[in-house]
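A quick write-up on the structure given underneath.
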Amino acid sequence: MLEIINLHAGVQGNEILKGIDLKVNVGEVHAIMGPNGSGKSTLAQVLAGRESFAITEGRVLYEGRDLLARAPEDRARQGLFMAFQYPVEIPGVTNTYFLKSGLNAIRKHRGLEELDAIEFLQLAKERAKLVDMDESLLNRPINHGFSGGEKKRNEIFQMAVLEPKLAILDETDSGLDIDALRIVANGINKLRRKDNAIILVTHYQRILNYVVPDFVHVLIDGQIVHSGGKELALELEERGYDWVRDDAEKAIVSS
Amino acid sequence: MIETVERKSKSISTGIDWYLSSFRLFEESLNGKAASQIHSIRKDALARFAALGFPTTKNEEWKYTDISPLTKYHFKPMLKYSLEGLTARDVEQFTFHNLPSFRVVCVNGHFSEQLSTLSGLPHDVRIESLTDMLQSDSDIIREYLGKFVSYENDTFIALNTAFLHDGVFISIPNNTILKIPIHMIFISMESDSEFVSHPRSLIVTGKNAQVSILESYVNLTDRTYFTNTVSEIVLGENAVLEHNRVQLESTRAFHIATIQTQQERNSNFTANSLIFGGSLVRNNLNSVLDGEGAECTLNGLYLGTGSQLIDNHTTIDHAKPHCPSHELYKGILSGKSKGVFNGKIKVRKDAQKTDAKQTNKNLILSDDASIDTKPQLEIFANDVKCTHGATIGQLDEDAIFYLRSRGVSLEKARDILIYAFASDVIDRIKIEALREQLHEIIHDRLERERQ
Ligand SMILES: Nc1ncnc2c1ncn2[C@@H]1O[C@H](COP(=O)(O)OP(=O)(O)O)[C@@H](O)[C@H]1O
Ligand SMILES: [Mg+2]
C-alpha cells in the first residue's frame, strides 16, 4: 500500500529526514516511535503533502504510484488521511461545513453520490458517537476554542467520516487523560479493518496497549534505526531510546 | 467671483473649468424653474467648489487616494431624466430574490417614478423625488437639506450641492415602523459620452420610527462615468435605522460618496458598507451622536480586485455623553488593488462615558495589493473608553493545508477562508437575502480575479 524509499526531506537546506525506508501493507498497523524532534511529524506531513518541506531525495509509492507529486487534496481523495499533532483552529468555518465539502470531494473521486446536508449530518452524528464527541462541536468553528482532548477527538471523528485507506495519526494520544485515551483508542480500533492501514506516530508506549501494532519502528534523527514487533514498544518504554541510538551508531561505525 | 476663481483654477486643475462651464448648461436647463433659494445655495456651493479645487495627495484627507485620473475626464452632466428604453424588467436583475421591498429606482441620478414600486406604503411615509420636493419648497426641505452636511471644506459635497436637482427624499413619521425594507437602486446607464451624476438623498426618520434601507449602486453601461453622491440621514429620538450600501459598479466607475448622519437621543444607527465595484471609490461616512444614549454601529466590507482603489473614511463624532459606537471594517485585497481605511473618532469635551470601539482588519491576497490604514482619535473628554486596532495579514497557510488534507481543493480552501474572514461582518447584516447574495458576490469576484 505504501512504500517509502530512501526519503530525504527538510526545510531551507536543513535536512530533517535523512533516508527513510518503510513498507506498509494493507491490513497492517505500524507504530513509529521516537524522541522529540526526531522527525516524526515531518514524515507525517510530507506524506500528507505539506509543501513547506522540500524533498531532496527518494520516492514514495502509494498503491504502486508516485505519491509525492500529488497535491494534498488529491492524496486525501485517494484515501490518505493524517491526524494532525496540532490541529489547526479556523474561526469562521464550521466543522461540518468544511468536512462535508471534503467528504463530497472524496466521494466524487470514488464515483459515489455526494451527500446533501441532511444525509451528511446524519452520518456525522453517527460517527461522532464513535469517539464520544459532543454533537455541539459539529457546528462550532473548526477546533476553535476546543480543549486539547476535543481537538484530538475531532481528528479521529474526521477520520471516521472520511474512511481513509491509509491513516497517519500523529501523536493523537499525546495530552489525553487515560479515559480520553481509551475512547480515542477505541475509536481507532473500530476503524481498523482488513482493507486499510494505520501508521501510529507516538512518543509514548501507552496507546499501544489499546491499539496493538503489527510493527514498531524507532525513528531517531531522521532515520528509522530499528524495527521490530509489538514487544519493541515495551522495551523502549523500559530502557528509553538511548540504547537504540547507541546500537545504531555502533552499526554505522562497524559497517 | 467665479472669474477670479477661474483664473486661480488653472494652476490647480483644468478639471474645474469643465465643471464651471457644465454649471452654465445646468442653469440653462433649469429654465428659471428652480426655486430661487435653492439656486442661491447652488451658486454658493459652486463658488466653494471652485475655491477648494480638487484635492491632491498633499491634502491630509486625500493622502493615499490620488484622484487625478478622475479630474482628467470631461464628464457630461446628466441634466434630464430619460429612461432610454429601460424597463422594469431590466431592473429586476438588481433586486434580491425573496426580498420584498419598497423599490426606489434612480437612473443616472434621476428619481424614476415609472420604475419605482411603492404601492402598499403607509400613507404617511413619504418616498419622493427630490426634484418635486425642491419645487414645492417645503418646510421639511428648508429644515433639513444641507443642514448637517457642510460643503465648506469638501470639494465633492460642494460639487454635489452645486448640481443639486434630483435624488430621493424619504420621510418616516414618528412611531412608524416599516417592516419591509426600502431598496434604492441607483443605475448608471448608457449615454453618448462619459457622464456624471450627483444624486442626493435626504432621509428623515421621526421619533420612535424604525426602517431598514438598502442602497445598490449598479450600471448598465461600459462607459466611464462618475457618481458623486451625498446622503443626509436624520434619526429622531429613539429611532432605529439600518443602512446597507452595496457597491457593485463596473471597473470603469468613479464613485465618491458622503453619508452624513445626525442622531438624536437614544437613536440607533447601523451602517453596513459593502464595497465591491468601482475603479476609484471613496466613501465618507460621518456620524454625529448628538443626543445622550445614541448608538452607532459602522460595519464595512471591501473587496478589491484588479486595480481598484477603495477608500473608506469614517468619522464618528461623539458630541454627547453616554453614547456607544462600534466599528468593524474588514478588507480583502487581491490583484493590484489598494485599500485605504481612515477611522476618525472624535470625543467632544462633554461626551463623558463614551464607549468607542474601532477595528480594521485586512486580508492581503497578493504581493501587489496593499492597504493604508489609520485610526485617528481626537479625545477631549476624560472619562471615556476608546479602543482601536488594525491588522494586516495573509491567508493562514496552516489552515489552507488543514482543509486540503481533508480533500478540499486549494481554490475552495482559499474561498472558505476568505469567506470566513468576511463572515463576522456579513453575519451582522439583518437582511438574510443580502447575506446570501454576498456569498455569491464574493465568490464571483474572486473567481473572475483568478482568470
Ligand atoms: N517548519 C519547520 N521549520 C524548521 N524546522 C523544522 C520545521 N518543522 C520541523 N523542524 C525541525 O525538524 C526537526 C524534527 O521536527 P518534528 O518532525 O516536528 O519532530 P517530532 O515530530 O519527531 O517531534 C526538529 O528539530 C524541528 O525543529
Ligand atoms: Mg511531532
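The values are calculated or read from the model by the stated rules, or taken from the named source; none is laboratory data. All values reported here derive from a predicted model rather than from experimental measurement. Cβ sites come from the backbone with ideal geometry, for glycine too, and all protein chains shown count toward neighbours. Ligands, DNA and RNA are excluded from the accessible area calculation, which covers all protein heavy atoms including side chains. Shrake-Rupley method; radii C 1.70, N 1.55, O 1.52, S 1.80 Å.
Summary of values
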item: Of residues in segment A:24-61 being among the aliphatic types (A, V, I, L, M) and within 8 Å of ligand 1 (Cβ to nearest atom), the one nearest to A:V211 (Cα to Cα); result: A:A44
item: In segment B:57-73, residue least open to solvent (accessible area, probe 1.4 Å) [restricted to those that are in a helix (DSSP H, G or I) and farther than 18 Å from B:Q308 by Cβ]; result: B:T71
item: Options B:K412, B:K430: the member that is away from chain A (no Cβ under 14 Å), outside any strand (DSSP E or B) and basic (K, R); result: B:K430
item: Filtered residue count, segment B:298-324, keeping only those that are in contact (Cβ under 8 Å) with a residue 60 or more places away in the chain, among the polar types (S, T, N, Q) and touching a strand residue (DSSP E or B) at 6+ places or on another chain (Cβ under 7 Å); result: 1
item: Residue among A:D173, A:D247 that alone is within 16 Å of ligand 2 (Cβ to nearest atom) and acidic (D, E); result: A:D173
item: Residues that are at negative phi, away from ligand 1 (no atom under 16 Å from the Cβ) and surrounded by fewer than 22 Cβ atoms within 10 Å (Cβ to Cβ), drawn from segment A:81-92; result: A:E89, A:P91
item: Count of segment A:121-142 residues which are within 24 Å of the chain's Cα centre (by Cα) and open to solvent by less than 70 Å² (accessible area, probe 1.4 Å); result: 11
item: Selection from segment A:96-149 of residues that are among the small types (G, A, S), touching a helix residue (DSSP H, G or I) at 6+ places or on another chain (Cβ under 9 Å) and more than 22 Å from A:M82 (Cβ to Cβ); result: A:A117
item: Residue selected from segment A:96-120 under the condition open to solvent by less than 20 Å² (accessible area, probe 1.4 Å) and of a type outside the set (A, V, I, L, M, F, W, C), by the criterion farthest from the other protein chains (Cβ to nearest Cβ); result: A:T96
item: Residue match in segment A:3-18 (condition: within 27 Å of B:L417 (Cβ to Cβ), among the basic types (K, R) and more than 10 Å from every other protein chain (Cβ to nearest Cβ)); result: no
item: Candidate set: segment A:85-95, residues that are within 8 Å of another protein chain (Cβ to nearest Cβ) and touching a helix residue (DSSP H, G or I) at 6+ places or on another chain (Cβ under 6 Å); chosen: the one nearest to A:E163 (Cα to Cα); result: A:P87
item: Any hit, segment B:392-407, residues being away from chain A (no Cβ under 14 Å) and without any contact (Cβ under 8 Å) to a residue 60 or more places away in the chain; result: yes
item: Criterion (over 20 Å from B:L303 (Cα atoms), open to solvent by 10 Å² or more (accessible area, probe 1.4 Å) and more than 27 Å from the chain's Cα centre (by Cα)) met by exactly one of B:K357, B:K412, B:K344, B:K349; result: B:K349
item: Flag for B:S193 being over 12 Å from the mean Cα position of the chain (by Cα) and of a type in the set (S, T, N, Q); result: yes
item: Those residues of segment A:9-49 which are under 22 Å from A:E73 (Cα atoms), surrounded by 15 or more Cβ atoms within 10 Å (Cβ to Cβ) and within 16 Å of ligand 2 (Cβ to nearest atom), in sequence order; result: A:A9, A:G10, A:K40, A:S41, A:T42, A:L43, A:A44, A:Q45, A:V46, A:L47, A:A48
item: Pairs where the first residue, in segment A:187-206, is closer than 14 Å to A:D170 by Cα and away from chain B (no Cβ under 14 Å) and the second is open to solvent by 70 Å² or more (accessible area, probe 1.4 Å) and within 16 Å of ligand 2 (Cβ to nearest atom), C-beta under 9 Å, 6+ apart; result: A:H203/A:N36
item: Number of the condition not met by B:D132 [criteria: (1) in a strand (DSSP E or B); (2) farther than 16 Å from B:L214 by Cβ]; result: (1)
item: Residue in segment A:50-80 that is surrounded by the most Cβ atoms within 10 Å (Cβ to Cβ), counting only those that are more than 9 Å from every other protein chain (Cβ to nearest Cβ) and hydrophobic (A, V, I, L, M, F, W, C); result: A:L67
